[in-house]
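The next block holds one structure in the form of structure tokens; read it before the comments.
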Amino acid sequence: MTTPFPPTFLWGGATAANQIEGAYDQDGKGLSVQDVLPRGIFGPRTDAPTPDNLKLQAIDFYHRYEDDLELLAAMGLRTFRFSVAWSRIFPHGDDAEPNEAGLAFYDRVVDTCLRLGMEPLVTISHYETPLALADKHDGWRSREMVDLYVRYARTLVERYRGRVKYWLTFNEINSLFHAPFMSAGIATPKDELTEADLYQAAHHELVASALATQVIHEVDPDAQVGCMVLAMPVYPLTPAPDDVVAAMHADHRNLFYGDVHVRGRYPGYVLRDLRERGIELDITDADREALTHTVDFVSFSYYMSICETAAPVEAGEGNIMGGVPNPHLPASEWGWQIDPQGLRVVLNQFWDRWQKPLFIVENGLGARDELVEVDGRLTVVDDYRIAYLRDHLVQVAEAVADGVEVMGYTPWGCIDLVSASTAQMSKRYGFVHVDRDDDGTGTLTRRTKASYDWYRQVIATDGASL
Ligand code: BGP
């Protein structure tokens, strides 16, 4: 059988610390913003951790990582994406010394991945800013965050040098405007923030990302660094030129982050926008120099496309990034519109624009699953998930055939985990089912789903059998 996927293609799965680890206060870990977000992305936050916050225990990966990684490796994964919980390493973000127990935990995770033949793909910051930095500095609004983050990144690369080849600096860096507390540890309520505040915070993250890239390259010249953006192709709602221009502007608001990471400077359309809004960012000469340290590849999540129009309409329900619904597309129960071809569109757009290898580090269908008995064992017959992933992989294959360089594909939540937007278990993505319910009950037993066998076959045939 022939396959368009190269033999080096990194078939994998993706997770994040706050959504799988649990053990939120063990072995010296400090609190992160997630520990006070029991309701998910848009809050409200609590003052202290509350028992209804499922992330405090999550799926207990902290204690079960070895069995979980073995189960995932048995599916054939060649890479495993996880994040380091920043507050496990620096409990308050600005501690004099890193927490050895935290570093040792990720030693074990990294070494287990390597023993099982999976390349660790590590997100340095995945919606897990130490809470102390949110309270003390208002998160990324403060320039002080840059040095703290770069020191944290240096600590990681010095420790895991030679073992971790792929680093991602910030998960979905362009989500900062939409979820300032979760994404960037900004404690000030969203409605009290100005666009200038948010742009300045984004600027600090961009500088920190570039400086971390520089440090990683210096400490481990064999390592590769990618930015990570939430990708969402924007279609004009109609062919009216006003709608096309509205779509272009909406697209720019997301492309801006990749442009800075790849080109090493601010694109003209952002500078114009800032000027016209009367926003003067604090950008120093040292910042400009820092930004020239560009990434090796571009990684992204892809869940949906959106439409944009110049006409005044209501924002689409469920689309956290705004936009209006596309009348031609179905949607998941949570209103996320399903558009496999959009993935081919975005792969071509990014490749044409940046000519950097692309890595799809999140994609998948959040759905309610039901355990059923098949041949005497409990499982989930998730044909809907298989269909979703297959349809998207067909489009990745098309993009590869178009000449796009794609490094790999790591579907989101390869093992069921706590959802970011709902903070519940019932929105599931996994190939592996975890017995835990929204009320926190459950045995935490792991069971493979039908999609597990399907994905194992996909990987075994290098994508020839989809
Ligand atoms: C992305 C985040 C992930 C993940 C995913 C699915 O935005 O990077 O952390 O959670 O979305 O979202 P949800 O869990 O809300 O379905």
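No lab work stands behind these numbers, since they all come straight from the coordinates. Remember, it's a predicted structure, so these values are computed and weren't measured experimentally. Note: ideal-geometry Cβ built from the backbone for every residue, glycine included; neighbour counts use all protein chains shown.
So here's what we get for this one:
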| quantity | calculated |
| --- | --- |
| Spin-label zone in the range 197-234 - amide nitrogen under 12 Å from a point set 7 Å from the Cα of R277 along the C-beta vector | 197-203 |
| Distance between the range 5-68 and the range 168-224 - C-alpha centres, whole angstrom | 19 |
| Residues Y235, Y429 arranged by fewest to most Cβ contacts within 10 Å | Y235, Y429 |
| Stokes-Einstein D for the range 366-466, Kirkwood Rh over Cα pairs, 20 °C, 1.002 mPa s (µm²/s) | 146 |
| Proxy reagent accessibility, fewest Cβ within 10 Å first, across H92, H328 | H328, H92 |
| Residues D191 and E218, FRET efficiency given R0 of 41 Å [Cβ-Cβ distance, rounded to 0.05] | 0.50 |
| Note, ³J(HN,Hα) from phi for the range 127-143, Karplus 6.51, -1.76, 1.60, rounded to Hz, x at Gly and Pro | 6, 9, 4, x, 4, 4, 6, 5, 6, 7, 10, 6, x, 6, 5, 9, 5 |
| Centre separation in Å (Cα based) which lies between the range 238-297 and the range 414-466 | 37 |
| Within-10-Å neighbourhood charge of T79 [Cβ basis; K, R +1; D, E -1] | +2 |
| Derived scalar couplings ³J(HN,Hα) [the range 282-290; Karplus, 6.51 cos²θ - 1.76 cosθ + 1.60; whole Hz; x for Gly, Pro] | 8, 10, 8, 4, 5, 4, 4, 5, 4 |
| Distance between modelled label sites at E373 and T422, nm, 7 Å Cα→Cβ extension | 2.7 |
| Amide H contacts of L10 (H built 1.01 Å from N, under 5 Å, at least 5 apart or other chain) | G408, Y409 |
| Where Rh is the Kirkwood radius over Cα pairs, Rg/Rh for the chain | 0.94 |
| Sum of side-chain charges, G162 neighbourhood, beta-carbon under 11 Å (Lys, Arg +1; Asp, Glu -1) | +1 |
| Binned Cα-Cα distances of the range 1-109, short to long, each 5 Å bin given as a whole percent | 2, 11, 19, 20, 16, 13, 9, 5, 3, 2, 1, 0 |
| The range 220-229 - phi-based ³J(HN,Hα) in whole Hz, Karplus 6.51/-1.76/1.60, Gly and Pro as x | 9, x, 8, 7, 10, 10, x, 7, 9, 10 |
| For A310, net neighbour charge (Lys/Arg +1, Asp/Glu -1) across residues whose Cβ lies under 10 Å away | -3 |
| Principal axes of the range 179-289: Cα extent on each, largest first, Å | 51, 33, 28 |
| The range 257-410 - percent relative contact order, Cα under 8 Å, separation 6 or more | 22 |
| Selection from Y166, V244, N53, by position along the positive dipole direction of the chain (Cβ) | Y166 |
| Rough spin-label spacing in nm, given labels placed 7 Å along Cα→Cβ, for R151 and T3 | 4.6 |
| Theoretical ellipticity at 222 nm over the chain - DSSP helices of four or more residues, -39500 (n - 2.57) apiece, nearest 500 | -12000 deg cm²/dmol |
| The range 94-194: C-alpha pair distances exceeding 23 Å, % | 34 |
| The range 10-460 - charge dipole about Cα centre, Lys and Arg +1 at Cβ, Asp and Glu -1, debye rounded to 20 | 760 |
| FRET E, pair T238, D135, Förster distance 45 Å, beta-carbon r, rounded to 0.05 | 0.45 |
